[in-house]
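For reference, the structure is listed below as C-alpha cells.
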Ligand SMILES: Cc1ncc(COP(=O)(O)O)c(C=O)c1O
Ligand SMILES: N[C@@H](CCCC[NH3+])C(=O)O
C-alpha cells in the first residue's frame, strides 16, 4: 500500500461507514441489525453525511450569491429531496417525473428548480411553467421555439439559459463526459450569441442566464475553471448586446474518490470553489451549481447477503442477492466500488469475482477482488452507492427494487419499502 492510500484496510476514510470493533456501522447505527430488520438488498443512507456535504459546499461558496441545485437524477428518493429542500437547496431536474418528485418532497422548492435535458417534451415544459421554476436550461434551437410557444400558450414568461457546449475536455469515463463538441449536450458556444439574439425577440422568453455542464465524476478543477471562463466571456458579450444576464449555472460533475485513495472532501471543495470564484470575480451573477454525486454518493451503501460461493475452474464466484439491476455502475462503466463485510471475522483473504444472480456475464460488482473470505450467509456493503445506485435501478429479470433506509440522529427509518412482484406487474394487461 502506498502513501496515498489510507493506512488501514478497515479505515474507510471520509465515509459515514466505519467499523466499531468487528461490526460496520453507519453514523453509529449497526448495519447487521438493519440488514436483518429490513432484509437485503438494502440501500442505507446517512442524513448527517448528506448534510455535511451540503454544508461544505455552502461554506466554500459563502460570500458568493449562489444556489445549490442538487441534481435529482443522482438519487431522487423523496425523503432525501425533502432533506435537501429543508437545507435551502434548489434542484436540477431533467424530466416531468423529477419535477413531480420535487413538488411532493418540497413544493416551495419548485421556485429553485432548473430544468436541464436534451429532449424536453411539451407536457414537461408546461408543468414546469405552471410550477414557476427558476430557469429552463435550453439545449437546442428547436427547444427555444417550443419553449416560447408553450410559454405563450400558457400566458407565462420562461426565464431561460442556453446550455452551452464549451468544447472543454475533462478526464472521466467517456459515457459521462458531456462538454465536447462531439457530445449531444448543449449548443456550441460559438453559436450561442446569435441564438440568444433570436430568443430575445420571441414572445414568452426571458434570456436570464447561461449554463454549462461538462460531465460527471471530474476530479480535476481546471476543466471547470476553463468552461466557466468561456461562459463568463459569453455573458459579457450578451450583456453588451443588451441582455440582462444574471445567472451563471456552472453545472455539476464534481467528483469523489471511490477507492482507497486518501480523499478530503473539504479540501477538494475549497479548491473547486476558489477556482470558480476567481473566474467569476466582479461579474455580478447569481451562481447556480448542480452537484449530485458529491453530495449523495458517499452517504449511501448497498447492503447485500452472499447467497452462495462457487468455484468454476480457476475462478471463485461470490454470488450476492444484489445484482446489476440494483447497482449498474460496475456493469455500465466498469466502476469500482469498495466491498466490505458487515462483520469482520478474521478469516484469511481470498480473491473472487463478486457477482449478482442476473443472467448476464456483465452482472458483476467486482472482478478478482481480494476481501476477507466470504461464505454463504455473510453480509457485505458496497460503498459509495448513494449516487446513481437506486436511481439507475431497474426491474430486469423481474426483480423488485431494493428497500431504502435513512439513518438520522442514531435512528433508522424506512424511506422506501421493497418493491413487490404485485407492484411490478400492476401496469400490465393480458
Ligand atoms: C445537467 C447536469 N447537471 C448536473 C449533473 C450532476 O452531475 P454529478 O452527479 O456528477 O454532480 C448532471 C449529470 O452529469 C447533469 O447532466
Ligand atoms: N450515471 C453516471 C453519472 C451520470 C451523470 C448524468 N449526467 C454514474 O453513475 O457515474
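Here residue 388 meets the list (1) within 16 Å of ligand 2 (Cβ to nearest atom); (2) touching a strand residue (DSSP E or B) at 6+ places or on another chain (Cβ under 8 Å); (3) assigned to a loop (DSSP other than H, G, I, E, B) almost entirely, failing just condition (2). When residue 387 is tested against (1) modelled with pLDDT under 95; (2) crowded, with 23+ Cβ neighbours inside 10 Å, exactly one condition is not met: (1). The residues listed here are 287, 238; of these, the one that is more than 16 Å from the chain's Cα centre (by Cα), in a helix (DSSP H, G or I), surrounded by 15 or more Cβ atoms within 10 Å (Cβ to Cβ) and not assigned by TED's automatic domain parsing to the domain that holds residue 370 is 238.
Here residue 401 clears all of (1) farther than 15 Å from residue 77 by Cα; (2) surrounded by fewer than 23 Cβ atoms within 10 Å (Cβ to Cβ); (3) more than 16 Å from ligand 2 (Cβ to nearest atom); (4) touching a residue at least 12 places away in the same chain (Cβ under 8 Å) except the condition numbered (1). Selection within the range 402-430: residues that are touching a strand residue (DSSP E or B) at 6+ places or on another chain (Cβ under 8 Å) and assigned to a loop (DSSP other than H, G, I, E, B). The member of this set that is nearest to ligand 1 (Cβ to nearest atom) is 402.
Among residues of the range 174-193 being under 15 Å from the mean Cα position of the chain (by Cα) and closer than 16 Å to residue 224 by Cα, the one that is nearest to ligand 2 (Cβ to nearest atom) is 176.
So is residue 128 modelled with pLDDT of 95 or more, more than 22 Å from the chain's Cα centre (by Cα), in the same structural domain as residue 195 (by TED's automatic domain parsing) and surrounded by 22 or more Cβ atoms within 10 Å (Cβ to Cβ) or not? So residue 128 fails the test. Counting the residues of the range 358-385 that are in contact (Cβ under 8 Å) with a residue 60 or more places away in the chain, away from ligand 2 (no atom under 16 Å from the Cβ) and at positive phi gives 1.
If residue 212 passes every condition in (1) closer than 30 Å to residue 376 by Cα; (2) surrounded by 20 or more Cβ atoms within 10 Å (Cβ to Cβ); (3) within 15 Å of ligand 2 (Cβ to nearest atom) but one, which one does it miss? Residue 212 satisfies every listed condition except (1).
Considering only residues of the range 155-178 that are within 13 Å of ligand 1 (Cβ to nearest atom) and assigned to a loop (DSSP other than H, G, I, E, B), which is surrounded by the most Cβ atoms within 10 Å (Cβ to Cβ)? Step by step, filter the range 155-178, then rank; the result is 170.
Among the residues of the range 179-217, those identified as touching a residue at least 40 places away in the same chain (Cβ under 8 Å), closer than 13 Å to residue 139 by Cα and part of a loop (DSSP other than H, G, I, E, B) are 179, 184, 185, 186, 212, 213. On the given criteria, is residue 72 farther than 21 Å from residue 408 by Cα and either under 14 Å from the mean Cα position of the chain (by Cα) or within 16 Å of ligand 2 (Cβ to nearest atom) (or both)? It is false that residue 72 is farther than 21 Å from residue 408 by Cα and either under 14 Å from the mean Cα position of the chain (by Cα) or within 16 Å of ligand 2 (Cβ to nearest atom) (or both). With respect to the conditions (1) within 16 Å of ligand 2 (Cβ to nearest atom); (2) outside the structural domain of residue 197 (by TED's automatic domain parsing), residue 303 falls short on a single one, namely (1).
Within the range 31-54, being without any contact (Cβ under 8 Å) to a residue 12 or more places away in the chain and assigned by TED's automatic domain parsing to the domain that holds residue 98 holds for one residue alone: 52.
The values are calculated or read from the model by the stated rules, or taken from the named source; none is laboratory data. Note that the coordinates shown come from a computational prediction; the quantities given were computed from them, not determined experimentally. Heads up, the Cβs are rebuilt from the backbone with ideal geometry, glycines too, and the neighbour counts pull from every protein chain shown.
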